[in-house]
Amino acid sequence: MGPIEILFYAIIAIFAVVGLVRGAHRELGNSIIFMYTVAIFGLASQQGWFRRAVEAVGLFGSDSARIDEAAFVLIVTLFTIVAIVSYQGVTFDFSTKKVTGFFGVLAGLAVGALNGYLVAGTFWHYADLYRYPFNLLTGSLTSTGQALLAFLPPAIFPNPVFWAVPATLLMILRILR
C-alpha cells in the first residue's frame, strides 16, 4: 500500500472519529451537502468549467501543467470551504435525540466514514484527473491504488447527477420526519 492510500484511509478514519463524536443524526446533514457537492463538481468537471475558469483568469498562459495545477487547487479550495462551512454551520439534523449505545457508535462511525470517503475520494479523483499536480505522487500507484480509483466518489457512477439521488432521498426523509 502506497502513501496516497494511507492518506486516503487516514482521512476516512479522522472523519469516522468526528462522526462518532457528533453522532450520525448530525453527520447525515453533512452527507447531503457533500453528495450534492460531488454531483455539482462532477458536472462542472465534465463541462470543463474548472479548467476554463483558470484559463479565463489568464495568469498561466497556455501552460497546460500550470492550468491543471490551478484547476486542482480551485477544486480543493472550493470543496474545503464547503466542508468547513457545513461543519461550522447548521445542517439538517435527523433526530431530536442522539442514538446512543452500540448502534449509535456504529452509526456515527459509518456516517462519518462516508463523509470522509466523499471528501478524500473526491480530492484523490481530481488529483488523478489532473495528473497529480505539484508532484503529489512521485512514483506509480500500487495495485491497491489502481483498484481504488474506480471506486472514488466522482468515478463510481457514470453520471455525477446520480449522487443527487441519495442526497435528495435523505433530504425528503428529513422533511417528512
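Rounded, prolate or oblate for segment 81-150? Axes are the square roots of the Cα gyration tensor eigenvalues, ordered a ≥ b ≥ c, and the cut-off for rounded is a/c under 1.5.
Note, shape of segment 81-150 comes out oblate.
Can you work out the FRET efficiency for the pair Val161 and Phe102, with r the C-beta to C-beta distance and R0 = 30 Å, to the nearest 0.05?
My answer for the efficiency is 0.25.
Take each of the peptides 108-115, 164-171, average the number of other beta-carbon atoms within 10 Å over its residues, and list them starting from the highest.
108-115, 164-171
Nearest 0.05, what FRET efficiency do Gln46 and Ala147 give at R0 = 22 Å with Cβ-Cβ as r?
0.40
For Tyr87 and Leu7, calculate 0.36 nm times their separation in residues minus their Cα-Cα distance, and state this gained length in nm to one decimal.
Here the answer is 26.7 nm.
For segment 1-93, state what percent of all Cα-Cα pairs lands in each successive 10 Å bin, counting from 0 Å until the bin that includes the largest distance.
14, 34, 32, 17, 3
Using the Cβ atoms and a cut-off under 12 Å, what net charge is assigned to the surroundings of Ala107, where Lys and Arg are +1 and Asp and Glu are -1?
The answer is +2.
Can you tell me, using C-alpha contacts under 8 Å and at least 6 residues apart, the relative contact order of the chain as a whole percent?
For the chain, the relative contact order is 45 percent.
First check a/c for segment 3-176, with a ≥ b ≥ c the square roots of the eigenvalues of its C-alpha gyration tensor; if it is under 1.5, answer rounded, and if not, answer prolate when a/b is larger than b/c or oblate otherwise.
Prolate, since a/c reaches 1.5 and a/b exceeds b/c.
Would you list the membrane-span-like helices of the chain, meaning whole DSSP H runs whose alpha-carbon atoms span at least 15 Å along their axis and whose mean Kyte-Doolittle value is at least -1.0?
Helices passing the filter in the chain: 3-22, 24-47, 64-88, 101-129, 164-176.
Let me know the charge dipole size of the chain about its Cα centre in debye, to the nearest 20, where only the beta-carbon of Lys, Arg (+1) and Asp, Glu (-1) is charged.
My answer is approximately 600 debye.
Rounded to the nearest 500 deg cm²/dmol, what is the calculated helix-only ellipticity per residue at 222 nm for the chain, with -39500 (n - 2.57) per DSSP H run of length n ≥ 4?
One gets -24500 deg cm²/dmol as the mean residue ellipticity at 222 nm.
Throughout, read-outs are computed from the coordinates displayed, never taken from laboratory work. Predicted model, so just to flag it, every value in this text is computed and none were measured. Every residue, glycine as well, gets a Cβ built from its backbone with ideal geometry; the counts of neighbours run over all protein chains shown.
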